[in-house]
1. Considering only segment 326-438, give the helices (runs of 4 or more DSSP H) lying wholly within it that have at least 2 residues that are within 18 Å of the chain's Cα centre (by Cα).
2. Could you grab me the full set of residues in segment 95-136 that are β-branched (Val, Ile, Thr) and touching an Asp or Glu at 6+ places or on another chain (Cβ under 9 Å)?
3. May I ask you to list the residues in segment 287-338 that are in contact with a Leu (Cβ under 7 Å, 6 or more places away or on another chain) and of a type in the set (Phe, Trp, Tyr)?
4. Being out of contact with any helix residue (DSSP H, G or I) (no Cβ under 9 Å at 6 or more places or on another chain) and surrounded by fewer than 18 Cβ atoms within 10 Å (Cβ to Cβ) is the filter here; which residues of segment 409-430 pass it?
5. Look at Gly293 and say whether it is on the phi > 0 side of the Ramachandran plot, touching a residue at least 24 places away in the same chain (Cβ under 8 Å) and small (Gly, Ala, Ser).
6. Checking Lys281 against (1) exposed (fewer than 14 other Cβ atoms within 10 Å of the Cβ); (2) of a type in the set (D, E, K, R); (3) under 30 Å from Asp83 (Cβ atoms): exactly one of these is not met. Which one?
7. Can you name the residue in segment 243-256 that is surrounded by fewer than 21 Cβ atoms within 10 Å (Cβ to Cβ) and touching a strand residue (DSSP E or B) at 6+ places or on another chain (Cβ under 9 Å) and is also nearest to Pro384 (Cα to Cα) among such residues?
8. Let me confirm something: among Ser259, Ser319, which residue is within 27 Å of Leu69 (Cβ to Cβ) and in contact with a strand residue (DSSP E or B) (Cβ under 9 Å, 6 or more places away or on another chain)?
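Throughout, read-outs are computed from the coordinates displayed, never taken from laboratory work. The shown structure was predicted, so the numbers you read here are calculated from the model rather than taken from an experiment. Methodologically, a virtual Cβ is constructed for each residue, glycine included, from the backbone with ideal geometry; neighbour enumeration extends over all protein chains shown.
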Amino acid sequence: MTLTPTARSEEASGPVCRDTETLAESAAAQAAGIATGSPADAAGSGVAGVPLAPQEDLAALTRPDFPLLAQTACLGQPLIYLDYAATSQKPAQVLEALQHYYGHDNANVHRGAHQLSARATEQFEAARDSVARFIGAASAREIVYTRNASEAINLVARTWGEASLRPGDEVLLTVMEHHSNLVPWQLLSARTGCVLRHVGLTESGELDLDDLRSKLNERTRLVSLVQVSNTLGCLNPIAEIAALAHDAGALLLVDACQSLPHLAVDVKQLGCDFLVGSSHKFCGPTGMGFLWGREALLEAMPPFLGGGEMIQDVYLEHSSWADLPHKFEAGTPAIGEAIGMGAAISYLEAIGMERIHAYEQRLTRHLFTRLQAIDGLRILGPTPEQQPHRAALAAFHVDGLHANDIAALLDSAGICIRSGHHCTQPLHRHYGLSATARASLAFTSTFEEIDRFAEELQSTIGFLREHS
């Protein structure tokens with residue numbers, strides 16, 4: 001297996017790619033659990049872990065695997081997708097894993113004695129093994145499937161939170177949090193009387209660690225924050241925060257939605273107690289996510305939802321619960337989506353997360369160089385010079401212009417960016433803004449796309465100013 005582009009074919013419905021094997025083994029083999037070893041094993045040829053050559057072009061190697069990116073947009077312009085922080089695009093290997101399951105092995109898991117159910121269960125649990133390996137979990141028993149990261153955080157709030165927190169106990173959050181890491185705790189506060197406190201920012205748009213230290217106290221029971229902000233792009237020092245939280249007697253929950261697609265994440269090195277992620281952020285299907293928790297914590301937590309699958313024995317008056325992780329997985333799960341998530345992880349491991357991060361660092365520096373040259377444009381968060389490992393995104397405001405107008409005109413040129421509050425309304429209020437525009441990159445992004453985006457953005461700003 002080598003990192004080579006796939007052959008392309010044109011169909012009536014639009015550009016499609018996939019004739020030959022590329023980064024990973026066939027999706028069927030992945031789904032069957034063959035690629036369940038180390039990241040290097042997943043690569044087959046030993047590609048994963050190889051240092052990134054100074055000018056290696058990951059986009060050229062990987063874009064042939066992404067059919068959607070071959071589209072043309074308005075007026076025959078190439079489609080430029082710069083909204084990866086909202087959702088990633090999916091490689092052919094993931095699409096094939098979904099098709100293979102539904103076309104060959106579709107059956108419910110864990111409950112059937114027939115061969116289809118056995119194959120579906122094997123693939124479903126192999127994907128759980130892949131998640132555990134991807135984040136360095138001690139066991140697949142620590143991986144709970146959820147619909148998304150939002151559900152995973154709600155699970156912790158409704159189970160650990162309701163069982164553990166009393167009036168006056170404190171949950172420490174930050175002003176940069178996604179709504180998914182604010183609203184569940186607000187609901188918990190209303191139910192339990194726990195107190196929510198929020199850590200502020202430095203002038204550069206990074207987490208204020210001095211403020212965090214000042215707000216940690218003997219009443220703090222949980223610290224919950226993002227590893228990477230989807231608006232500021234800053235990378236928070238999770239291992240340091242974990243040590244501070246534990247010294248205060250608190251647990252730490254990490255929202256890793258914006259870090260898992262872009263850099264290596266290891267829960268042992270981070271030192272956290274819970275971590276959540278969403279499949280669709282890292283090349284997998286939508287409607288699938290996971291909660292990782294320390295096994296002892298998960299064992300002590302009550303079930304989240306009741307129903308089939310999460311039980312051991314059911315009587316008319318009472319029930320007993322299944323072992324981990326199934327205690328938290330009521331009802332028929334998203335089987336195909338879990339298998340697709342496993343295929344996405346195998347794909348990323350075949351490239352190597354260190355290589356992805358190194359390539360995206362180069363893209364980020366180029367993006368900032370182009371945007372910083374535009375008059376009246378202000379980027380939120382630290383620069384690559386201030387924080388070299390920051391995320392490959394830029395949320396920005398242009399004086400006198402609305403982000404939605406900028407995004408709409410760019411879309412007419414075939415360039416897809418995000419505009420709005422990015423589910424971080426409190427953060428935008430902190431900066432006195434109602435909305436920003438955001439360009440976010442991935443390993444399939446190119447320097448040429450950044451250049452065209454910057455040129456079209458400059459023209460768009462000029463047009464809007466002229467007609468405002």
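1. On the way: elements: 335-351, 353-372, 403-412, 425-430.
Per the criteria, 335-351, 353-372.
2. Val109, Ile135
3. Listed by number, the residues that qualify are Trp292, Phe304, Phe328.
4. Within segment 409-430, Arg429, His430 qualify.
5. Taking the combined requirement at face value, the residue does not satisfy it.
6. (1)
7. Among those residues, the one meeting the criterion is Leu244.
8. Ser259
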